1. Looking at region A:7-49, which of the residues that are of a type in the set (Phe, Trp, Tyr) and more than 7 Å from every other protein chain (Cβ to nearest Cβ) is farthest from B:Asn118 (Cα to Cα)?
2. Which count do you get for residues in region A:5-43 that are of a type in the set (Gly, Ala, Ser), surrounded by fewer than 16 Cβ atoms within 10 Å (Cβ to Cβ) and under 21 Å from B:Asn45 (Cβ atoms)?
3. Show me the helices (runs of 4 or more DSSP H) entirely contained within region B:111-182 in which 3 or more residues are free of Cβ contacts under 8 Å to residues at least 12 places away in the same chain and within 21 Å of B:Tyr36 (Cα to Cα).
4. Tell me, which residue of region B:35-77 that is facing another protein chain (nearest Cβ under 10 Å) and hydroxyl-bearing (Ser, Thr, Tyr) is surrounded by the fewest Cβ atoms within 10 Å (Cβ to Cβ)?
5. Search region B:15-34 for residues that are facing another protein chain (nearest Cβ under 8 Å) and pair each with any residue that is in a helix (DSSP H, G or I) and small (Gly, Ala, Ser) when their beta-carbon atoms are under 7 Å apart and the residues are at least 6 apart or on different chains.
6. Here are some residues: A:Ile96, A:Ile90, A:Ile53. Which one is more than 13 Å from chain B (Cβ to nearest Cβ), in a loop (DSSP other than H, G, I, E, B), at negative phi and modelled with pLDDT under 85?
7. Among the residues of region B:116-128, are any modelled with pLDDT under 70 and either within 14 Å of chain A (Cβ to nearest Cβ) or under 18 Å from the mean Cα position of the chain (by Cα) (or both)?
Amino acid sequence: MTDQQNDAYYDKAFSLLYQKSRQEEPSQALDRAVLQQASAQLKKQQSPWLRHIATAAIMILGVSVTLQLVTIEEATKQRDNEAFTSEPSILSEDAITHVTADVPAEPSAKRRLIIEQPKEVSEAIPTLNSAPVLEQDRHLDRLERYDTVAPVVLPKLEKPVPQQRIKNKAQKEAKQEQKAEFQEANKIVIQKKTRSISVLPPAQWLEKIKTLYRQNKISDAQKELKHFKQVWPDYPLDALKNIADRVD
Amino acid sequence: MSISSEYSDERLLEQYCQGDVNAFEILYQRYRKSLYIYLCRTCDNQAQADDCYQEVWSRVIKAKTQFKQGSFKAWVFQIARNIKIDLFRKQTLHIVSDSEQVEEVISEDYPQEQHYSNRECHDRLRLEIAQLPAEQRDALLLKEEAGLTLEQIAKVVSVGRETIKSRLRYALKQLKKVLKDCL
């Protein structure tokens with residue numbers, strides 16, 4: 001047997017011996033521990049995804065709620081604006097009578113009536129320029145009424161407030177309501193008194209007053225001016241002032 | 001999804017990374033014995049081997065995504081070797097005292113030129129392997145137990161291929177010499 005053959009024999013014999021000596025094995029407890037760890041690691045790996053998904057869902061929900069609130073708020077503003085900038089309209093004679101009759105007796109009833117009837121009323125309203133004088137006057141009145149009524153009609157989200165504050169607020173609101181109703185009643189009385197006086201668009205009306213001043217019909221001019229101020233309290237009267245001063 | 005046991009180690013690891021625990025079980029079954037034997041024959045005692053074994057798998061599980069390419073087998077045994085070296089560094093003094101005990105045991109219980117039974121031969125082989133210089137023992141076990149090629153062993157141990165070849169030759173020569181009666 002050559003050296004090479006000898007080496008090959010011993011290599012093979014050694015490998016055989018080595019393979020036969022391989023008897024050690026990990027215990028079942030070790031196997032269990034390793035496999036449990038592998039499975040636990042996978043669960044850990046998966047749970048962050050769940051967390052991310054949950055976070056994303058909450059964010060989406062938050063954003064959608066915020067957007068909805070913003071949309072509602074914008075719609076509310078738009079409605080408010082539309083109420084003030086839309087074509088002028090008037091209340092029908094019956095509606096006014098109904099409202100004014102209820103004012104002193106039951107304040108909340110008036111508001112309810114106005115809320116319930118706006119559609120019918122607006123349908124029956126012609127434009128300001130073409131409207132008869134009396135109807136225009138009523139229309140102005142109606143505009144003012146909308147001013148006070150609109151916030152009640154439109155839904156608004158409010159933060160929860162303590163009980164005491166709610167009571168105070170309710171009292172305050174009741175007072176404001178009474179005041180508004182008193183003013184309303186006064187206006188109606190004034191309207192009844194001044195029904196004979198014509199109501200024109202402000203520029204035209206001022207021109208008429210100027211003409212009266214120029215014609216030295218001072219008492220008529222002052223009467224018209226007084227009425228004008230009642231109907232258009234915020235309208236600038238600079239041009240008229242010069243003429244009035246000159247006449248005085 | 002069914003996992004075939006014929007899948008490569010690398011593919012099984014990939015499947016495990018994607019959330020299939022069955023893939024890991026197959027992979028584990030493939031290496032549980034060889035890895036355990038490698039650790040048993042390089043560590044001082046079974047308790048150490050058990051600790052190292054669990055630590056190796058723990059690192060494999062945690063660092064599974066870090067395995068990019070190459071041989072899974074070589075990667076696992078490299079982890080095992082690193083853990084064993086860390087342990088050796090921590091317990092150098094203890095190992096020295098143990099090796100002294102082993103020498104005593106060999107000199108007393110296993111006299112030369114005696115015929116041994118299979119069981120006795122297996123025990124002697126283990127003891128003789130333990131007696132080898134650490135570098136030779138490592139090279140031998142990585143070849144016989146892990147079945148790595150010379151190139152893979154060289155990469156795991158971070159030395160040249162020829163160095164590994166030389167270490168293996170010396171180790172085999174020594175073992176054949178002392179185990180002549182068993183071969």
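1. Out of the qualifying residues, it is A:Trp49.
2. Selection size over region A:5-43: 2.
3. Helices (runs of 4 or more DSSP H) meeting the threshold: B:118-131.
4. B:Thr65
5. From residues that are facing another protein chain (nearest Cβ under 8 Å), the pairs are B:Tyr16/B:Ala23; B:Val21/A:Ala38; B:Val21/A:Ser39; B:Phe24/A:Ala38.
6. Within the list A:Ile96, A:Ile90, A:Ile53, the selection yields A:Ile90.
7. The answer is yes; a qualifying residue exists.
Results for (1) free of Cβ contacts under 8 Å to residues at least 40 places away in the same chain; (2) closer than 30 Å to B:Ser34 by Cα; (3) of a type in the set (Ser, Thr, Tyr), shown as yes or no for each residue.
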{"site": "A:Arg22", "(1), (2), (3)": "yes, yes, no"}
{"site": "A:Leu30", "(1), (2), (3)": "yes, yes, no"}
{"site": "A:Ala57", "(1), (2), (3)": "yes, no, no"}
{"site": "A:Gly62", "(1), (2), (3)": "yes, no, no"}
{"site": "A:Leu67", "(1), (2), (3)": "yes, no, no"}
{"site": "A:Thr71", "(1), (2), (3)": "yes, no, yes"}
{"site": "A:Ala75", "(1), (2), (3)": "yes, no, no"}
{"site": "A:Arg79", "(1), (2), (3)": "no, no, no"}
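The values are calculated or read from the model by the stated rules, or taken from the named source; none is laboratory data. Remember, predicted model here, so these are calculated numbers, not experimental data. Note: ideal-geometry Cβ built from the backbone for every residue, glycine included; neighbour counts use all protein chains shown.
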